[in-house]
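Contents: one structure, followed by commentary.
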Amino acid sequence: MTVTTPATAATRPTGRSIVIAVLACAALVAVGAWMTHLYGGMIDLRVYRMGGSVLLHGDSLYDAKLPGGSNLPFTYPPFAAIAMVPLAAVPWGVALVAWTTLSVLCITALWRTSLTKTFWSFVTQRKRTAVLVALTLLSLLLEPVWQTIQFGQINLLLTAMILLDLVRPKDTRLRGFWVGVTIGIKLTPLPFLALLVVTKQWRALRNAVLGLLATMAIGFAIVPHQSWRYWTDVILDANRVGGLAYTGNQSFNGFLHRLGDDASWVQPVWFVVSVVFGLLALWLARKYWLADERVTAISVTALAVLYASPVSWSHHWVWIIPLGVSLIRGVNRLWGLNPAVVTGVLFYGLFVLRSIWWVPYRDDRELGWTFWQSIPGNSHLIVGMIAFILLVVTSRSLPKSTPEADQQA
């Protein structure tokens, strides 16, 4: 059985095609930037800039609140605020266009990395740029992607950094380092270290740890007091991120809080369910990794992160781009092209529907959902679980792993 792998540089759109795609995406963003009413205030970008601005003025990073009524705090490690200083130093319009352009280009990078050599072999060289641009634009219809764009969130950048880092050849210098950097920016990618452990990628694991330690060292060197406060106090305060029962929290924890609110059983059940699902996901990710299905292995690990995190806002689910490609590939391998096409249309189509927002939300109205309201209200979780089950089933068509493959992981 032939195993498909992410497309090589020779088969993907390169050089001139990428330049054209970059310019097209940048032009799209520049036009959109003038239509600021589409962006919902870019509230997360404003929080990032607030963090950078606070450092520039020497104020207390974790006491600052975003003005204008939202009173949102800065919830990220100190290195994230340091990285955002350039955005705080430029006018708002420049920051908006630059940040959104980067996010849109990350969408292109995710598609380019996720799609296989087999896919690109069916697309002529002249059409490859058009395909990438079309996929990038269509991705804006996906609820997690558009939420990320309109809030000015960092998810697309982190997702692209992790995926592009880990699909590189195993002997690539500093492979894994950028995974560590993403953890130093936002803690949620931390479980990716477990993927490196179960697949025995010791060099990448070492580099990831070094990347994380580098971000921490930079933080302590520049803002020692704020760094000490974050790593000893702020990191333990889950209440800083908002209401756990809010429909936007598409995680096991959010689902259980919508069922039981603050009942004593919620946290223990969340912990047990998260551990069990996390172990199952790591088993499946390892199976795909040893079969050289790296994008799928990374996507499965991301799914475990989304389910097990205390908070997984809907915009964290931008991982559906590589996850959907992996799902289509698995279905095609086991059942053929037509079922694969139907699977892809249904998978991405359900995220276009944005059904989590069809039901009453905010002000704890989620606690009064009926059974039928809970279905669209938890639709990200439901679709993700169906995808996980299908990937388990389609993993039967993978070649058996060997001790040699295990050693070379």
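The values are calculated or read from the model by the stated rules, or taken from the named source; none is laboratory data. Being a predicted model, the structure only gives us computed values, none of them experimental. Here Cβ is always computed from backbone atoms with ideal geometry, including for glycine, and neighbour counts include all displayed protein chains. Heads up: the accessible areas ignore ligands, DNA and RNA and are worked out on the full protein's heavy atoms, side chains in. Shrake-Rupley method; radii C 1.70, N 1.55, O 1.52, S 1.80 Å.
The figures follow:
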| quantity | calculated |
| --- | --- |
| Scope the range 292-315; condition open to solvent by 10 Å² or more (accessible area, probe 1.4 Å) and either among the basic types (Lys, Arg) or in contact with a Leu (Cβ under 6 Å, 6 or more places away or on another chain) (or both); matching residues | Arg294 |
| Flag if Pro322 is closer than 17 Å to Pro189 by Cα, at pLDDT below 95 and either within 21 Å of the chain's Cα centre (by Cα) or assigned to a helix (DSSP H, G or I) (or both) | no |
| Residue that is nearest to Trp289 (Cα to Cα) [pool: residues in the range 163-180 that are in contact (Cβ under 8 Å) with a residue 60 or more places away in the chain and buried (at least 23 other Cβ atoms within 10 Å of the Cβ)] | Leu166 |
| Residue in the range 372-390 that is surrounded by fewer than 14 Cβ atoms within 10 Å (Cβ to Cβ), modelled with pLDDT under 95 and either among the hydroxyl-bearing types (Ser, Thr, Tyr) or within 22 Å of Ser139 (Cα to Cα) (or both) present | no |
| Flag if Leu193 is aliphatic (A, V, I, L, M) and either assigned to a helix (DSSP H, G or I) or open to solvent by 60 Å² or more (accessible area, probe 1.4 Å) (or both) | yes |
| Selected residue (only one of Pro376, Pro339, Pro360 is free of Cβ contacts under 8 Å to residues at least 60 places away in the same chain and assigned to a loop (DSSP other than H, G, I, E, B)) | Pro360 |
| Cβ-Cβ under 7 Å pairs, at least 6 apart or on other chains, the range 105-130 side over 14 Å from Ile328 (Cβ atoms), far side of a type in the set (Lys, Arg) and part of a helix (DSSP H, G or I) | Trp120/Arg128 |
| Close pairs from the range 207-235: first on the phi < 0 side of the Ramachandran plot and open to solvent by less than 60 Å² (accessible area, probe 1.4 Å), partner among the charged types (D, E, K, R) and modelled with pLDDT of 95 or more, Cβ under 8 Å, at least 6 apart | Asn207/Arg175 |
| So Ile356, is it surrounded by fewer than 14 Cβ atoms within 10 Å (Cβ to Cβ) and under 30 Å from Ala263 (Cα atoms) | no |
| Residues being at pLDDT 60 or above and either surrounded by 14 or more Cβ atoms within 10 Å (Cβ to Cβ) or hydroxyl-bearing (Ser, Thr, Tyr) (or both) - total across the range 27-75 | 28 |
| Test: Tyr48 is in a helix (DSSP H, G or I) and among the aromatic types (Phe, Trp, Tyr) | yes |
| Selection within the range 169-199 - hydroxyl-bearing (Ser, Thr, Tyr) and under 15 Å from the mean Cα position of the chain (by Cα) | Thr182, Thr188 |
| Count of residues meeting criterion [surrounded by fewer than 19 Cβ atoms within 10 Å (Cβ to Cβ) and hydrophobic (A, V, I, L, M, F, W, C)] in the range 267-285 | 10 |
